[in-house]
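**Student:** Structure provided below as structure tokens; questions to follow.
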Amino acid sequence: MTDIGRPEPPQRGLFARIAVDIRPLRESRDFRRLWFGTGISAIGSQITTVAIPFQVYAETRSTLLVGFLGVAALLPLLVVPIYGGAVADAVDRRRMLLVSDLALLAVTGALVVNALLPSPSVWFLFVAEALGTAAYGFQRPARNALTPRLVRDDQLLAAIAVEDVVFTLARVAGPVMAGVLISVIGLEGAYAIDMATFAASLGAIWLLPPVPPAPDADRPSLKSILDGFRYVRRRKVLLGIFVVDTNAMIFGFPRALFPAFAEKLGGGAGVLGLLYAATSAGAFVASLTSGWMMTIRRQGLAVCIAAAAWGVAIVLVGFAEAVWFALLFLAVAGAADFVSAILRSNILLTVTPDSMRGRLSGIELAQVAGAPELGNVEAGIVASLTSVRASIVSGGLLTVVGTVGVALALPALVRYDARRPQDE
């Protein structure tokens, strides 16, 4: 037996140990329906994610205004999930998914109407970005907190991993489809395709059984929200996974430097697109080969190793002189991030009681959304004071150093054992 895993029974072949574990899809009809329905809708959402900035630029020819779309989305991502998580703990999560999905459908419908106007409104695109992000931020904590209610406890990690297969595929395939659809049927057609995909997610949610709140759930309030933060502070393993990921995203996530880095590699827009897609491609490959993760019991230690691997990969990206070398290690970083994200989600949903899973999922979403934005600022400042390569390399090194520091400061994270999740 190893420190972070145990060997599979000898009768299982290598492929069975490596391939993504699909038992939750086979054994839970409700999980299977929701996985398929939300997966289809996720592809549609990625189409709109590309279409909105494309339309802003097409109407204004201003890269500055395209950048301000991120500002329109940031505040809802930082605030709404925290409140939405408190609501998810207090109401029927199925009903909450329905309401938020209908809100997303309404926003997309309004985008279709706007695109059909002789002079589409640019300011409305910013409103739609903010409203759509708010609806997503309201929905996501309930979606995350719902998974443990649909699958067996011993299949939760497998369920999280197989969910990420379809969401990672959506992040890869959706933008590609968006480019094709916009060029062939226009913006209004692309938005309409997204609208059509909601039929799959709404149908899957409608067929779910009621998912009432836990008997000891708190009403949504400032006190219940603060209780969620206090729970994170009290459970050191949770504090550890939040700090490890925040450190990696602030110092080791140099997406803001990709345009300048693509130029240094001797490429243009095509190379830039590949740089943006490489981490998702690596994560997708990792998701298809995630079966080995089902045997990991020292999951906190594995999170630290994956975060450090991300940092090392980013350091190597910074030294890249050839495009293929940069893409290779960005893909490695994406694979490491997938491992970290899946294990972090499993730890969070396992150690958190059902009455608080919505709040903790909301806090996690706000952290995941906010930290990369701070990372873009950090990367830009360091690059302006030194160079693009120095910023990327130093960020990767600080990710590794910070991960080691967190592991030493919060030993409960390293000691966490999936067989005894309540022990710290």
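The values are calculated or read from the model by the stated rules, or taken from the named source; none is laboratory data. This structure is a prediction, so every number in the text was calculated from the model and none was measured. No Cβ is skipped: glycine too gets one built from the backbone with ideal geometry, and neighbour counts run over all protein chains shown. Ligands, DNA and RNA are stripped out before the accessible areas are found, and what is left, the full protein with its side chains, is counted by its heavy atoms. Shrake-Rupley method; radii C 1.70, N 1.55, O 1.52, S 1.80 Å.
**Student:** So which chymotrypsin sites (Phe, Trp or Tyr not before Pro) in the range 308-416 end up in coil per DSSP with only 14 or fewer other C-beta atoms within 10 Å?
**Tutor:** Phe319
**Student:** Further question: So what is the relative contact order for the chain, in percent, with contacts set as C-alpha pairs under 8 Å and at least six apart? Mind dumping the intermediate values first?
**Tutor:** Working: 700 pairs, mean separation 116.8, N = 424.
Once divided by the residue count of the chain, the mean separation gives 28 percent.
**Student:** Let me ask something else. In sequence order, what are the phi-derived ³J(HN,Hα) couplings for the range 91-105 according to the Karplus relation 6.51 cos²θ - 1.76 cosθ + 1.60 with θ = phi - 60°, rounded to whole Hz, with x for glycine and proline?
**Tutor:** Computed from phi, the couplings for the range 91-105 are 10, 5, 5, 4, 5, 5, 5, 4, 4, 5, 5, 5, 5, 5, 4 Hz.
**Student:** Counting only protein heavy atoms and a 1.4 Å probe, tell me what percentage of the range 81-204's accessible area is made up of carbon and sulfur. Write out the running numbers ahead of the final one.
**Tutor:** Numbers: 3290 of 4660 Å².
Of all accessible area on the range 81-204, carbon and sulfur atoms account for 71 percent.
**Student:** By the scheme Lys and Arg +1, Asp and Glu -1, what is the net charge of all other residues having a beta-carbon under 13 Å from that of Gly334? Don't skip to the answer; put the middle values down first.
**Tutor:** Numbers: positive: Arg171, Arg255; negative: Asp164, Asp337.
Summing Lys/Arg as +1 and Asp/Glu as -1 gives 0.
**Student:** Give me the net charge for the shell around Ala283: Cβ to Cβ below 9 angstrom, other residues only, Lys and Arg +1, Asp and Glu -1.
**Tutor:** Working: positive: Arg171; negative: Asp164, Asp337.
Once positives and negatives cancel, what remains is -1.
**Student:** Okay, moving on. Can you compute 3J(HN,Hα) from phi for each residue in the range 391-400, using the Karplus curve 6.51 cos²θ - 1.76 cosθ + 1.60 with θ = phi - 60°, rounded to whole Hz and x for Gly and Pro?
**Tutor:** 5, 5, 5, 5, x, x, 5, 5, 4, 5
**Student:** Lys and Arg at +1, Asp and Glu at -1: add these up for the other residues within a Cβ distance under 12 Å of Asp245 and post the number.
**Tutor:** Values: positive: Arg344; negative: Asp337, Glu364.
That works out to -1.
**Student:** For a Förster distance of 51 Å, can you work out the FRET efficiency between the beta-carbons of Val127 and Asp417, rounded to the nearest 0.05? List each step's numbers first, then the result.
**Tutor:** Working: r = 48 Å, r/R0 = 0.94.
Rounded to the nearest 0.05, the efficiency is 0.60.
**Student:** Now for a separate question. What's the longest bit of the chain with no exposed trypsin sites (Lys or Arg not before Pro), using DSSP loop states and at most 15 other Cβ atoms within 10 Å as the test?
**Tutor:** Details: sites that count: Arg12, Arg61, Arg152, Arg419.
Longest run free of exposed loop sites: 153-418.
**Student:** Which value in deg cm²/dmol, rounded to the nearest 500, describes the helix-derived mean residue ellipticity at 222 nm for the chain, given -39,500 (n - 2.57) per DSSP H run of n ≥ 4 and division by the residue count?
**Tutor:** -27000 deg cm²/dmol
**Student:** Could you work out how far the C-alpha centroid of the range 218-245 sits from that of the range 90-154, in angstrom?
**Tutor:** Distance between centres, Cα-based: 25 Å.
**Student:** Also, I was wondering about something else. Averaged per residue, what accessible area in Å² does the chain show with a 1.4 Å probe, protein chains only?
**Tutor:** Numbers: 18320 Å² over 424 residues.
Per residue, the chain has 43 Å² of solvent-accessible surface.
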